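A.B. asks: My questions all concern the structure below.
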Amino acid sequence: MTVVSEESEQISILDEFIETRNRTLNLVKNLEKDDYVVQTAPYMSPPKWHLGHVSWLYEVILSKITDNYEFYSKKYSEYLNSYYQQFGKPHDKDKRGIISRPTVDEIIQYYHIINKRVSDFLEKNSADDKVKNLFIMGLNHECQHQELLVYDLQHLLADAYQPIQKNIPKNSTHVTKESIKIDGGLYTMGYSGHEFCYDIELPEHQVYLNDFKIDSVPVSNGDYIKFIEDGGYQNFKLWLSDGWEKVKENNWTAPMYWLHEEGEWKTHDFLGKRKINPNEPVCHVSFYEADAYCRWAGKRLPTEAEWEKAACWDENKQRKTLFPWGNEKPTEDHANLLESYIWNTTEIGSFELGKSHYGCYQMIGDVWEWTSSEFVGYPGFKSGFDEYNDKWFTNQKVLRGGSFGTPKMSIRASYRNFFRLDERWLFSGFRCAQDI
Ligand SMILES: [Fe+2]
């Protein structure tokens, strides 16, 4: 019996591997060769680099679990290493787009070579828990890059990008925004399931919360326009000092990608250049902007513990679930994630089936939500992966919930994303909380 279950588990890792690798390839399938090479900002990466880097990470895994593993190419390893000092000095991040070798064809060939190496390994070797965990980490790492690639494709091409699949969003339900009261007390925070999670989601631990209120929906574009039109970007009193510096330094007057034309706010994204839809969640705001908006609204950002309790605590059953709707994995009826292939946020009040036990909408999918929490390890944190998460425990804030660019296998309510406070090229929004 044990042998059968081990075999089926290995097949499922191999299946997930193939599915994940195909998803990456599908994201770049319709690109012109010229598109692969261009880096449009220092914080972006060319599609060619992402495709090579996710492949290279499986070489890192193979090197840790096989004797005398030989990397495919020293030159490739130097270019494709993102920030792992243990593998030598990485190529400068902001110069990934000025390298023409390895060529696009060579990187595509490399992608297939690594597929073969990993598939052969998974077919021939019986993997113990440590090995399985490393490969599942590799898949989750690839999911993270799929999302980064989507950010980069928007920056590079916007509506000139032709996805292999594009779906029409389902109609939203009309919902009235409410502030939902959540009782405080001790809450056990962190991942409570039995499958893969990142080291930073553990250990589960108790936190004390005061009673608080949290909005049932994310802040919408319509709400955010009121903040702009009330002089939000001109009033230093609303901003943290560092945030105010960023406003002045970068001439911020609206979220990234917004422009004011003919008396109207417009954006330019995968759906083209279009008028802002006031009923979509605001997207492409930094932590500083989210924080300033909350101050203007007389509210505040939730802490990540508050966000998590609102997302997955079932007060009636006195239990925590892995997702706002329960323990069932996300489907297209629950949330707007990458495989929904909508290529945009859905309107406020979408996904009735995805709301949390407390009645909060869209906590998973659509936009990542900024919290006020610093990205640090939980009490009792133990590092699970060298140079992966914990070397970033400084100067970053936690975001929760995933976005329309997040692959569904990689998201759960306990997932902790993290970015610097002024970054806004990701699909980032927020919802407000309040003290009672
Ligand atoms: Fe990476």
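A.B. asks: Picking from Leu186, Leu209, Leu139, which residue would you name as being within 30 Å of Asp333 (Cβ to Cβ) and modelled with pLDDT of 95 or more?
C.D. replies: Only one candidate passes the filter, namely Leu139.
A.B. asks: Here are Trp258, Trp252, Trp296: which of them is more than 20 Å from Glu374 (Cα to Cα), touching a helix residue (DSSP H, G or I) at 6+ places or on another chain (Cβ under 6 Å) and not small (Gly, Ala, Ser)?
C.D. replies: That would be Trp296, the only listed residue that is more than 20 Å from Glu374 (Cα to Cα), touching a helix residue (DSSP H, G or I) at 6+ places or on another chain (Cβ under 6 Å) and not small (Gly, Ala, Ser).
A.B. asks: Just the residues that are under 22 Å from Gln318 (Cβ atoms) and outside any strand (DSSP E or B), please, taken from segment 176-196.
C.D. replies: Asp183, Gly184, Gly190, Tyr191, Ser192, Gly193, His194
A.B. asks: Mind listing whichever residues of segment 138-156 are in contact with a Phe, Trp or Tyr (Cβ under 6 Å, 6 or more places away or on another chain) and within 21 Å of Leu14 (Cβ to Cβ)?
C.D. replies: Gly138
A.B. asks: Within 16 Å of the ligand (Cβ to nearest atom), in contact (Cβ under 8 Å) with a residue 24 or more places away in the chain, assigned to a helix (DSSP H, G or I) and at negative phi: does that describe Tyr83?
C.D. replies: no
A.B. asks: Could you tell me whether segment 160-175 includes any residue that is of a type in the set (S, T, N, Q), touching a Phe, Trp or Tyr at 6+ places or on another chain (Cβ under 9 Å) and either within 16 Å of the ligand (Cβ to nearest atom) or assigned to a helix (DSSP H, G or I) (or both)?
C.D. replies: no
A.B. asks: Of the residues that sit in segment 55-73 and are more than 12 Å from the ligand (Cβ to nearest atom) and either part of a helix (DSSP H, G or I) or within 27 Å of the chain's Cα centre (by Cα) (or both), which one is surrounded by the most Cβ atoms within 10 Å (Cβ to Cβ)?
C.D. replies: Top of the filtered list is Glu59.
A.B. asks: A follow-up question, please. Residue check, Lys93 against (1) over 20 Å from the mean Cα position of the chain (by Cα); (2) more than 26 Å from Lys132 (Cβ to Cβ); (3) within 14 Å of the ligand (Cβ to nearest atom), all met but one. Which one?
C.D. replies: For Lys93, the failing item is (1).
A.B. asks: Suppose the filter is assigned by TED's automatic domain parsing to the domain that holds Gln39, in a helix (DSSP H, G or I), closer than 22 Å to Glu70 by Cβ and modelled with pLDDT of 95 or more; does Gln109 pass it?
C.D. replies: yes
A.B. asks: I'd like to check something: does segment 131-141 contain any residue that is part of a helix (DSSP H, G or I), under 21 Å from Met256 (Cβ atoms) and more than 16 Å from the ligand (Cβ to nearest atom)?
C.D. replies: For segment 131-141, residues part of a helix (DSSP H, G or I), under 21 Å from Met256 (Cβ atoms) and more than 16 Å from the ligand (Cβ to nearest atom): absent.
A.B. asks: Oh, and also: For Tyr76, all conditions in the list (1) more than 14 Å from the ligand (Cβ to nearest atom); (2) at pLDDT 95 or above hold save one; what is the number of the exception?
C.D. replies: Checking Tyr76 against (1) more than 14 Å from the ligand (Cβ to nearest atom); (2) at pLDDT 95 or above, the one that fails is (2).
A.B. asks: Ser372 fails exactly one of the following numbered conditions: (1) under 16 Å from the mean Cα position of the chain (by Cα); (2) not in a loop (DSSP other than H, G, I, E, B). What is the number of that condition?
C.D. replies: So Ser372 meets the others, but not (1).
A.B. asks: In addition: Restricted to segment 109-130, and to residues that are surrounded by 19 or more Cβ atoms within 10 Å (Cβ to Cβ) and of a type in the set (Val, Ile, Thr), which residue is farthest from the ligand (Cβ to nearest atom)?
C.D. replies: Ranking the candidates gives Val118 first.
A.B. asks: Identify all residues within segment 79-90 that are surrounded by fewer than 15 Cβ atoms within 10 Å (Cβ to Cβ) and either over 20 Å from Met137 (Cα atoms) or at pLDDT 90 or above (or both); write none if there are none.
C.D. replies: Once the filter is applied, which keeps residues that are surrounded by fewer than 15 Cβ atoms within 10 Å (Cβ to Cβ) and either over 20 Å from Met137 (Cα atoms) or at pLDDT 90 or above (or both), segment 79-90 yields Gly88, Lys89.
The values are calculated or read from the model by the stated rules, or taken from the named source; none is laboratory data. Owing to the predicted nature of the structure, the values given are computational and were not obtained by experimental measurement. Here the Cβ is made from the backbone with ideal geometry for all residues, glycine too, and neighbour counts use every protein chain on show.
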